[in-house]
Structure formats: structure tokens, C-alpha cells
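All remarks here apply to the structure that follows.
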Amino acid sequence: MASRTFLAKALCCLICFCAIFCTTPALAQLPAANQMPSVIQVPAEAQASSHFDPTAATNAYLAQIPADKTARSDAYFEGGYWLILWEFLYGVVVALLFLNLRWSARMRDLAERVTRFQPVHTFVYWLQYVVLTSIFIFPLTVYEEYFREHKYGLATQTFGPWMADQLKGLGVGLMLGGVLAMLLFGVVRRFPQAWWIWGAVVTILFSIFTVLIEPVYIVPLFNKVTRLDDLKIVDPILSMARANGIAANDVYEIDVSRQTTRMSANVSGFANTLRITLNDNLLRRGSPEEIQAVMGHEMGHYVMHHIYVGIMFFSIVTVLAFSCLRWALDWTLQRWGAKWQIRGVDDPAVVPLVVLLALVFIFVATPISNTFSRTLEYEADMYGLNTSRQPDGEAQADIHLGEYRKMNPGPIEEWIFFDHPSGRNRIYAAMRWKAENLKLFTAQQ
Ligand SMILES: [Zn+2]
């Protein structure tokens, strides 16, 4: 979920100014090294005909991807599986260091010396904790988000601007995370027995608040969003929006090419803040058919209220997580609380333990959260095909997205690791749709 990624990112940043000045990245690699072919011609097997076969059409699309690009994309994505494990283990080790060496208790003592006001204790503790853990996690962060992304031609920033973004992320994490921490410890003090229920409620409401303010207050810290004026692109999108009851008057462009070569788009906000946003990579590299297919998918998310479905899922998971947390905290604090010098659940020094337990919960829940997400993405694909009627545009988009997603995984692999359907399954669904709507395509010929 958005807040999880956000907090994880916030925790993965670092204040390390010397690194900005001491490092001169030697990255002459061109992003183009990883780029998938932009299909200009629909392959012969995918053209409308009396012998159209969805499987043959899917294979023909996949055959357009050169073997070296497939190998590269597979290596990138499969490396991500291991990163899930390394991130988990690394995070657990860092949390255990903070507990066993009693750094957490010392940070709490320091916070208590600063002031007698309890919410400020929490905030001062949080500042120390986030900065220190960010420094510990920095080697993994810089490998994963900087060097590895450059190696695979997905990143576009040099080290200085990348580090500046990390610091901004750290600032956002300190502020928003600090407010949430103060609220949660306030809840624990007020409701010593039922804190886990009210803690879950506060977390859910705070996450919704974060999602609401993100486009207005957080996104502009990292990127520029401008109104798109190219009528060739805007008109078909707004027409599609009107046909689907989406009250948007403008289409926006976001300059994510500052950070990455990835393509994406979204429909966000409510009533007055409703907006359709395409990223500049999609605009630059996508064909009109592809852009329409992607927009159809995004409109599917919007019309089918996936944001609310997501909030409901997140709410259930959060309540479950807090009930597990309550049990696990009681159990661990009884055994090791004295050794770690943690006074109880209401002591900010408990934070590394909460993070450790959250890491275990998130790690175990990975296939469940991926399957939830993948199911909604599949629905949006179906909606997008019916709306845009661009199965070949969809196939092109899937091949472009294959620059950072494995195209053809096994079924168990897809179930565990994929938060979107695999490229092969998405192209197959598009070709299956085309097979049942051949008249739309034969009429044009
Ligand atoms: Zn989607």
C-alpha cells in the first residue's frame, strides 16, 4: 500500500552530505541499453484474420523482444525477489542491534532529558531513530535504488540530485512519521487495554490522509506537474473520460523522466481535485494506441473505485496486524523487555521492536498483498480493453513495461511476486479480447 512504501522509503533515506560531495558517479551507461522495442507493426499472427489465434498472437508479440532484453529484464526482476529477502533480514538485524545494544533505550533517555512533555519525547525519539536507521540502511538503499537502477538503465539521475530526493524523502518521513508516532503513543497511553483497536483506526485514517495530501503537497516536492495542451493526445483521453462518467477537464503531465525511464499514468483525486496524469516517458515513447490502452486501464481503477477497495483491504490487514502486534509485544516484552530496558508498550523505546514485528508481518503477507493488487490490476486491464478497444496498444504497453518486469514467469512465481499480471498473461488477455471483437478490426481493412 502507498503508506507502507512511503514509510519504507522514508526509513531508507539518509542524511550524509559528505557523500554528495565525495562521490563522482562514473555512469556513462545509456538508459537505452534496456529499452524494449516499440512495436510499430502489429505482428502478422496478431492481425485480424479468420484464423486469428490468441495464443499464436501472444507468442508473436513476445517473439518481438530480443533475447538479450528478456534476459536483462528477467535478471532485474528476479534480483528483486532476493532483495525482498535481504531487505527483510537486514531490517531485522538493524532492529536487533538497536534493542540488544540498548541504543533504543538511550535514545529514549536522551529524549526525556530534552523535555518533560510526553508527545515531544516521542517526536525527539523518532528523529533520532529515523536518522540513525537511515544511516544503517544506506548501503542497501544506495545499491538498490541508485547503482542497481543505473545498471539496468532505469535511473536517470546523477548522484547529487538522487541524494537530494532521498533527503527530501527523509524530511517527509520525519514529519509525517513523527506525527503518526505521536498519535499512536498518545492512543496507547489513553487506552492501555484497547490501544490496538484505536491504534489501527488512527493508522487507517492517517494513511487515508496521506494518500489525499500526496498529490498536492508531496508529489510537487519531487516532480513538476503541468497541464498537457497537445490536443492530439488530450482529446481522445477526455472523450474516453466523458464516456466513462469521469468529470475531468484537463490532462496533466508529470516529469518523472527526471528520476526514471519507467512509463506510467494515473487518475487521482476527488471532485475538484480530480485529475488524469500521464508521465512524460509514456508520452514520449508510447504510440497513441498504447496511451489510450493505458488510460483505459487507469480509468478502470477509478470507475471501479479501486482506491476504496484498497482502503478496505488495507483496513482489514491493519486491524489484523495490530491484533498480532499486541500479542507479539506482550510475549516479547515479558521475555526481553527488562534486558532491552523497554518499560512497556507506551515507551517510545519499543519502536525498533514494533518495526521488527512489522517486517515479519509484511514479509509473510507479501504473496497476499501481491495477489490482492494483481487481482485489481487484472480487472483494470479488462475494463481498459473494453473502454479503449486497443488490444494491440495494450500489448505494446505490456512490452514496454517488460523493461522492468519479467514477461513470462511460472504460475507460482507470479502468485508470490507479481503485483500486476505478468506481461504474457496481459498480452494474452488482450489477444483473447481481440479474438472476440475481430469485426472492429476487419472493418478498418
Ligand atoms: Zn493499474
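Which members of the range 166-183 meet the condition of being in contact with a helix residue (DSSP H, G or I) (Cβ under 8 Å, 6 or more places away or on another chain), touching a residue at least 24 places away in the same chain (Cβ under 8 Å) and of a type in the set (A, V, I, L, M, F, W, C)?
Within the range 166-183, the first condition is being in contact with a helix residue (DSSP H, G or I) (Cβ under 8 Å, 6 or more places away or on another chain), and the residues that meet it are 166, 168-170, 172-174, 176-183.
Right, trim to touching a residue at least 24 places away in the same chain (Cβ under 8 Å) and you get 166, 168-170, 172-174, 176-182.
Leu170, Val172, Leu174, Leu176, Val179, Leu180, Ala181, Met182 - these are the residues of the range 166-183 that are in contact with a helix residue (DSSP H, G or I) (Cβ under 8 Å, 6 or more places away or on another chain), touching a residue at least 24 places away in the same chain (Cβ under 8 Å) and of a type in the set (A, V, I, L, M, F, W, C).
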Considering only residues that are out of contact with any Ser or Thr (no Cβ under 7 Å at 6 or more places or on another chain), among the hydroxyl-bearing types (Ser, Thr, Tyr) and more than 25 Å from Gly310 (Cα to Cα), which ones fall in the range 398-445?
Thr442
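So which of Ala358, Ala430 ends up being more than 16 Å from the ligand (Cβ to nearest atom) and at pLDDT 95 or above?
Criteria check complete, one pass: Ala358.
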Just to verify a result, which residue in the range 213-226, among those that are surrounded by fewer than 15 Cβ atoms within 10 Å (Cβ to Cβ) and free of Cβ contacts under 8 Å to residues at least 40 places away in the same chain, is farthest from Ser315 (Cα to Cα)?
Thr226
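How many residues does the range 271-313 contain that are outside any helix (DSSP H, G or I) and either within 21 Å of the chain's Cα centre (by Cα) or within 16 Å of the ligand (Cβ to nearest atom) (or both)? Step through it out loud before you land on a result.
Filtering the range 271-313 for residues outside any helix (DSSP H, G or I) gives 274-279, 286-287, 304-305.
Filter again for either within 21 Å of the chain's Cα centre (by Cα) or within 16 Å of the ligand (Cβ to nearest atom) (or both), leaving 274-279, 286, 304-305.
Summing the residues that are outside any helix (DSSP H, G or I) and either within 21 Å of the chain's Cα centre (by Cα) or within 16 Å of the ligand (Cβ to nearest atom) (or both) in the range 271-313 gives 9.
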Counting only residues that are modelled with pLDDT of 90 or more, touching a strand residue (DSSP E or B) at 6+ places or on another chain (Cβ under 7 Å) and of a type in the set (D, E, K, R), how many does the range 220-272 have?
2
Do any residues in the range 298-320 that are in contact (Cβ under 8 Å) with a residue 40 or more places away in the chain and within 17 Å of Ala365 (Cβ to Cβ) have Cβ atoms under 9 Å from those of residues that are more than 16 Å from the ligand (Cβ to nearest atom) and among the aromatic types (Phe, Trp, Tyr), where the two are at least six apart or on different chains, and which pairs are they?
Val317/Phe361; Val319/Trp196
Among residues belonging to the range 213-243 that are more than 18 Å from Glu289 (Cβ to Cβ) and not in a helix (DSSP H, G or I), point out the one that is nearest to the chain's Cα centre (by Cα).
Asn223
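So in the range 363-406, with the set limited to residues that are β-branched (Val, Ile, Thr) and surrounded by fewer than 19 Cβ atoms within 10 Å (Cβ to Cβ), which one is nearest to the ligand (Cβ to nearest atom)? Reasoning before the result, please.
As a first pass, look at the range 363-406 and keep what is β-branched (Val, Ile, Thr): 364, 366, 368, 371, 375, 387, 399.
With surrounded by fewer than 19 Cβ atoms within 10 Å (Cβ to Cβ) added as a condition, the list becomes 364, 366, 368, 371, 375.
Values: Val364: 25, Thr366: 19, Ile368: 18, Thr371: 15, Thr375: 11 Å.
Top of the filtered list is Thr375.
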Assess whether Ile412 counts as being under 25 Å from Ala71 (Cα atoms), buried (at least 18 other Cβ atoms within 10 Å of the Cβ) and away from the ligand (no atom under 16 Å from the Cβ).
no
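The values are calculated or read from the model by the stated rules, or taken from the named source; none is laboratory data. It should be emphasised that the depicted structure is a prediction, and the values quoted were computed from it without experimental measurement. Positions of Cβ are backbone-derived with ideal geometry, glycine not excepted, and every protein chain shown enters the neighbour counts.
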